[in-house]
Amino acid sequence: MSPPLPLPPPRRRPPLADLLATNVTPLFFHLHLHLHHLLVLLLIIIVVGYAPRTARADCECGYLAAVHGGDSSNRRALFTDLLETDFARLAAGARDDDDHDDGDDDDAGPDASPIEGWARQAFNLTRERARGEYGELFAVENVGFVAAAAAKKGDAGLRLMVRAEIVDGMVPVAELDTQRLDLMWGTFRAMMKVSSVKGTCAAFFWYFNDTQEIDMEFLSKDFNASNGSYPVNLVLQSREAAAAGHDASGTGGGHFVRALLPFDPTGDFHEYRIDYLPGRVTFYADGEPLADMEGAAVPSSPGHLILQHWSNGNRYWSGGPPAEDASLLVSYVKAYFNSSTAQRRRDWEARCRDPTAPGAVCEIPDVAPGNWSAAADWFFADHANMTNNQTASGQSEEASSSSPSTEPSWSIIIIVCWLWLWLAAEFASAV
């Protein structure tokens, strides 16, 4: 058997000095072509690299709000997270509340299907705890929907009921809370229609505990249609207020304001808004500032939002109980805020690559004279290519079936890889 053939020596590229000595002209020609094509490709890379930058998904760097500065100036605040719920749209697919004459069996009860991001509350308060003539019976069946087909024109949405019938010494009442408890600095908005039935308190508020609470409360007993007086109570509950028997009006510092609304809150839906910022809280109605509050009573903790409708017979506050069932209607809640959790902060930092890129930051439309309907009907969750990892319910089918694009831009990567392969092949052929 013949001995095995020796392996050929490995092919090595000749040193550059040898190439220059033995093959100067062909190498110069190839390098000239290489440089020509290289310049063209570098020009393409520069053009692509400096083309207008775009975000992978709209609003990936946050939501920009115009906020009141307390000195009649408007400032801007950026919030990283979103919670939007279109109760009116959810009501269209829900079973009607049993108090409307819609042809359904009255014993059927209201729709109690889960609401994404929210939790119906069920608990009792004794009269002593409630600080009233009656206790309060919070029941999930008092939180339901009014569908457009069964409601008066424009009244579709969430319905929080206060019942006239006393049960075991308690007034049946209603509460709905956000499930997220990490709402820190933010702008919180609710489109509501308040009951005209005397003897209830309708409330939209941010809550951490009884000494860190931001309230907007409507006492129907104080409404006076004859002189057009419709007050709303704006309150910061604090340690001082708790020490004064939970009466913020006696604490000073401007942490209790009874503001008169320029409209009848029982006649139509209006947007009520709370801006909770470091060291400052501002209250609005239909985009117009009602009051600014500062000082030690301003909360400094994360919390959650609450929609509440209640009565306990306290003649100094809610009055009542109502002589008939009373309804608080809510069309939507929109919350734009910064989360208190470290993970949410890391999520935002990971997705916000370039806040200057078009579409990376989205401006929040404000309800205001001349822009009421357009802003009220706007939901970021309704639009395709919105950033993910947010809390939204009641969005359109088109938006819910679409997900934001998380694909990276491959143009520069492809060009660079092709250039590298092309130069490698050309250089190999030259040697």
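Read the figures in this text as sums done on the coordinates, not as results from a lab. Bear in mind that the values here come from a model prediction, so they are computed numbers and not experimental data. Every residue, glycine as well, gets a Cβ built from its backbone with ideal geometry; the counts of neighbours run over all protein chains shown.
Tell me the relative contact order for the stretch 62-343 as a rounded percent, counting alpha carbon contacts under 8 Å between residues six or more apart. Before the final figure, lay out the partial values.
Details: 760 pairs, mean separation 72.5, N = 282.
The value is 26 percent.
Taking the simple approach of a point 7 Å from Cα along Cα-to-Cβ for both ASP247 and ALA66, what is their distance in nm?
The modelled label-to-label distance comes out at 4.1 nm.
Output the relative contact order of the stretch 135-293, whole-number percent, from Cα pairs under 8 angstrom with separation of 6+ residues. Show your work: numbers first, answer last.
On the way: 299 pairs, mean separation 27.5, N = 159.
Relative contact order for the stretch 135-293 comes out at 17 percent.
Ranked highest first by the average count of other Cβ atoms within 10 Å around their residues, in what order do 259-266, 172-179, 314-321, 381-388 fall? Show your work: numbers first, answer last.
Values: 259-266: 15.4, 172-179: 21.8, 314-321: 19.9, 381-388: 18.2.
Sorting 259-266, 172-179, 314-321, 381-388 by mean packing, highest first, produces 172-179, 314-321, 381-388, 259-266.
Can you count the Lys pairs in the stretch 62-343 whose Cα atoms are under 16 Å apart, with each pair 8 or more apart or on different chains?
Pairs that pass both the separation and distance tests number 5.
Using the Karplus curve 6.51 cos²θ - 1.76 cosθ + 1.60 with θ = phi - 60°, work out ³J(HN,Hα) for each residue of the stretch 254-263 in order, rounded to whole Hz, and write x for Gly and Pro.
So the Karplus estimates, Gly and Pro as x, are x, 9, 9, 10, 9, 9, 8, 7, x, 8 Hz.
Based on Cβ point charges of +1 for Lys and Arg and -1 for Asp and Glu, what charge dipole magnitude is obtained for the stretch 221-336 about its Cα centre, in debye rounded to the nearest 20?
Approximately 320 debye in magnitude.
If packing is taken as the mean number of other Cβ atoms within 10 Å per residue, what is the order of 228-236, 114-122, 339-347, highest first? The partial results should precede the final answer.
On the way: 228-236: 20.2, 114-122: 16.6, 339-347: 13.9.
Going by the mean number of other Cβ atoms within 10 Å, highest first, we get 228-236, 114-122, 339-347.
About its Cα centre, what dipole magnitude does the stretch 62-343 give when the only charges are +1 on Lys and Arg Cβ and -1 on Asp and Glu Cβ, stated in debye to the nearest 20?
Numbers: 23 positive and 43 negative charges, 213 e Å.
In total the dipole reaches around 1020 debye.
Report the charge-dipole magnitude of the stretch 152-258 in Debye, nearest 20, computed about the Cα centre from +1 at each Lys and Arg Cβ and -1 at each Asp and Glu Cβ. Could you put the intermediate results ahead of the total?
Working: 11 positive and 13 negative charges, 122 e Å.
It comes to approximately 580 debye.
Using the Karplus equation 6.51 cos²θ - 1.76 cosθ + 1.60 (θ = phi - 60°), what ³J(HN,Hα) coupling, rounded to whole Hz, does each residue of the stretch 113-119 give in order, writing x for Gly and Pro?
Result, rounded to whole Hz: 5, x, 10, 4, x, 10, 9.
For the stretch 277-285, in order, what is each residue's ³J(HN,Hα) by Karplus, 6.51 cos²θ - 1.76 cosθ + 1.60 with θ = phi - 60°, in whole Hz (x at glycine and Pro)?
Whole-Hz 3J(HN,Hα) from phi for the stretch 277-285: 10, x, x, 8, 10, 10, 10, 9, 9.
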